[in-house]
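J.: Take this structure, written in structure tokens, and hold onto it; I'll ask about it next.
The values are calculated or read from the model by the stated rules, or taken from the named source; none is laboratory data. Remember, predicted model here, so these are calculated numbers, not experimental data. As a convention, Cβ positions derive from the backbone with ideal geometry for all residues, glycine included, and neighbour counts pool all protein chains shown. Quick note on the areas: whole protein, heavy atoms, side chains included, nothing else; ligands and nucleic acids left out. Shrake-Rupley method; radii C 1.70, N 1.55, O 1.52, S 1.80 Å.
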Amino acid sequence: MNPVEGGTTVTYTGGYTLAEALVAIVMFTMLGVIALRLLTLAQRSTRYAVEQSAVQATARAAVQLVATETRELDTGPDGADLQVIAPDDMTYRAVRSAGAACAVSAGSVRLRRSLQYGYRPPSPGRDSLLLFIDQDPATDADDRWRAFAILAGGGAGTCPDGAAALVVPASIPADTAALVVLDAPIRTFETTQLRLYQSGGLSWLGIRSVSAGESTVQPALGPLAADGLQLDFRDASGAATTLPRNVRSIGVTVLAVGESRVRAPAGMLRPAGDTLAGRSKLRNAAAE
């Protein structure tokens with residue numbers, strides 16, 4: 001108690017000593033450091049997870065692109081659909097549309113509208129026409145897919161039965177037109193190169209249209225590792241082959257990486273990365 005004027009006394013209760021205040025400050029500081037560290041780890045984990053998810057999406061898209069582009073290839077007797085193969089490079093006839101020819105005459109083909117589907121309508125100067133020729137329906141030994149240049153864009157027309165058709169001018173001779181059966185399958189294709197491509201210090205899955213005369217490969221998906229695209233060509237027995245006409249399946253392995261280095265939850269600063277592999281059978285593999 002401390003005396004004051006008038007004989008009244010005041011009693012002081014509670015309060016902190018200097019030692020208690022210092023202890024409190026230290027504890028709050030430690031809690032703040034722990035909270036900051038946890039927040040930093042959470043942000044690091046989130047950023048790495050987002051980057052890793054993007055990389056995984058790139059790898060999946062790259063494998064799916066190769067599978068989509070190659071599963072309709074037919075190396076068959078002519079071996080023309082697959083033209084050049086290498087461990088990270090191939091040139092092939094990429095199918096862009098498909099349908100049925102309800103009528104074929106010298107210089108044009110009529111495609112049944114109800115059975116036509118694909119990425120785009122036939123494009124002259126870029127696409128060519130693959131027409132199925134069946135000389136003798138009693139045997140498949142003489143069946144062939146023949147390629148013809150598309151001369152101009154398609155126009156509206158009708159099939160012999162009155163159904164809607166797309167009339168496509170093409171360089172089809174009269175003797176060939178006579179061998180086509182009603183509603184024969186057709187495909188349009190674009191000669192395409194797909195390969196590992198370097199640009200801006202990074203590697204990409206690159207693609208270009210050979211038939212359209214493109215001289216520059218365009219990055220399609222990535223970035224990938226420096227050896228991030230590996231193609232594996234197998235014959236009917238499953239053995240590796242370097243001959244396009246013998247290929248019956250194509251395997252692809254993609255190693256996608258992030259564009260910048262991020263710190264992994266374990267603390268290592270490195271690009272996110274993910275490897276994915278797939279294999280697709282060519283169209284004629286199932287018939288053998």
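J.: Can you name the number of the only condition in (1) in a strand (DSSP E or B); (2) open to solvent by 40 Å² or more (accessible area, probe 1.4 Å); (3) at pLDDT 90 or above that Thr242 fails?
T.: (1)
J.: Regarding segment 189-210, can at least one residue be identified that is more than 30 Å from Val55 (Cα to Cα), touching a residue at least 60 places away in the same chain (Cβ under 8 Å) and of a type in the set (A, V, I, L, M, F, W, C)? Break it down into steps so the answer makes sense when it comes.
T.: Residues of segment 189-210 more than 30 Å from Val55 (Cα to Cα): 189.
Right, trim to touching a residue at least 60 places away in the same chain (Cβ under 8 Å) and you get 189.
With of a type in the set (A, V, I, L, M, F, W, C) added as a condition, the list becomes 189.
The answer is yes; a qualifying residue exists.
J.: What are the residues in segment 111-126 that are under 16 Å from Ala212 (Cα atoms) and either open to solvent by less than 50 Å² (accessible area, probe 1.4 Å) or hydrophobic (A, V, I, L, M, F, W, C) (or both), if any?
T.: Matches in segment 111-126: Pro122, Ser123.
J.: Now, a different point. For segment 124-163, which residues satisfy the criterion of being among the hydroxyl-bearing types (Ser, Thr, Tyr) and modelled with pLDDT under 90?
T.: The first filter runs over segment 124-163 and keeps only residues among the hydroxyl-bearing types (Ser, Thr, Tyr), leaving 128, 139, 158.
If the condition is that a residue be among the hydroxyl-bearing types (Ser, Thr, Tyr) and modelled with pLDDT under 90, then Thr139 is the only one that fits.
J.: While we're here: Which of the residues belonging to segment 170-210 are among the small types (Gly, Ala, Ser), under 22 Å from Pro223 (Cβ atoms) and part of a strand (DSSP E or B)?
T.: Matches in segment 170-210: Ser199, Ser203, Gly206.
J.: Please give the strands (runs of 3 or more DSSP E) falling wholly within segment 87-167 in which 2 or more residues are among the aliphatic types (A, V, I, L, M).
T.: By residue number, 89-105, 108-112, 128-133, 144-149.
J.: For segment 246-261: of the residues being at pLDDT below 90 and open to solvent by 50 Å² or more (accessible area, probe 1.4 Å), which is nearest to the chain's Cα centre (by Cα)?
T.: Checking each candidate, the answer is Glu259.
J.: Name the residues in segment 73-91 that are modelled with pLDDT of 90 or more, open to solvent by 10 Å² or more (accessible area, probe 1.4 Å) and not charged (D, E, K, R), would you?
T.: If the condition is that a residue be modelled with pLDDT of 90 or more, open to solvent by 10 Å² or more (accessible area, probe 1.4 Å) and not charged (D, E, K, R), then Gln83, Val84, Ile85, Ala86, Pro87, Thr91 are the ones that fit.
Matching residues to (1) within 30 Å of Gly258 (Cα to Cα); (2) modelled with pLDDT of 65 or more; (3) in contact with a His (Cβ under 8 Å, 6 or more places away or on another chain):
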| residue | (1), (2), (3) |
| --- | --- |
| Val4 | no, no, no |
| Thr8 | no, no, no |
| Tyr16 | no, yes, no |
| Ala19 | no, yes, no |
| Ile25 | no, yes, no |
| Thr29 | no, yes, no |
| Gly32 | no, yes, no |
| Leu36 | yes, yes, no |
| Tyr48 | yes, yes, no |
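J.: Does Ser108 satisfy the criteria of being hydroxyl-bearing (Ser, Thr, Tyr) and either in contact with a Gly (Cβ under 6 Å, 6 or more places away or on another chain) or touching a residue at least 40 places away in the same chain (Cβ under 8 Å) (or both)?
T.: yes
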